[in-house]
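Have a look at the structure below, then the notes.
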Amino acid sequence: MLDAEHIRHSLTTAFPGAQVLVEDSTGTGDHFAVTVVSPDFSGKPLVERHQMVYRALAALMPRVHALQLKTVTPGEQ
């Protein structure tokens, strides 16, 4: 079982200064809804933004069954 805090820590490390919200969607520790607000996403298409998040979570992904992502810049909130 994965804790939402592990995901949040990995993302705040990969995206310094980002606002990161992680919710365990089902309470089972393997379905998560994640919102990352970061200027690092500026000018990048959605697919690239998601790839950036998946790279940041690579070590944890074997323990994640479902991941819902919202990736926006501060101006897109």
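What follows is calculated from the coordinates using simple rules that are stated; it is not laboratory data. Small disclaimer: the values here were computed from a predicted structure and weren't measured. Backbone-built Cβ (ideal geometry, glycine too); neighbour counts: all protein chains shown.
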Acute angle (nearest 10 degrees) that the helix 4-14 long axis makes with the longest principal axis of the chain, alpha-carbon atoms: 30 degrees
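Output the antiparallel fraction of DSSP beta bridges having both residues in the range 4-76, as a percent to the nearest 5. Mind showing how you got there, number by number?
Working: 6 of 13 bridges.
Around 45 percent of the beta bridges assigned by DSSP in the range 4-76 are antiparallel ones.
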Projected area, mean over directions - the range 4-76, Cα convex hull, nm²: 4.4 nm²
Cα long-axis angle, helix 46-56 against the chain (0 to 90 degrees, to the nearest 10): 50 degrees
Which of G17, P45, G27, positive extreme of dipole for the range 4-76 (C-beta unit charges): P45
Under-5 Å amide H pairs with Q19, H placed in peptide plane, nonlocal only: V37
Under 5 Å, built H, 5+ apart or other chain: amide partners of K70: V34, T35, V36
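If you place +1 on the Cβ of every Lys and Arg and -1 on the Cβ of every Asp and Glu, how big does the dipole about the Cα centre of the chain come out, in debye to the nearest 20?
Details: 6 positive and 8 negative charges, 43 e Å.
Once rounded to the nearest 20, the dipole reads 200 debye.
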Whole-number percent relative contact order across the chain, with pairs defined as alpha carbons under 8 Å at least 6 apart: 34 percent
Residue of H50, H31, H65 that the Gaussian network model of the chain assigns the largest fluctuation, springs spanning Cα pairs under 10 Å: H65
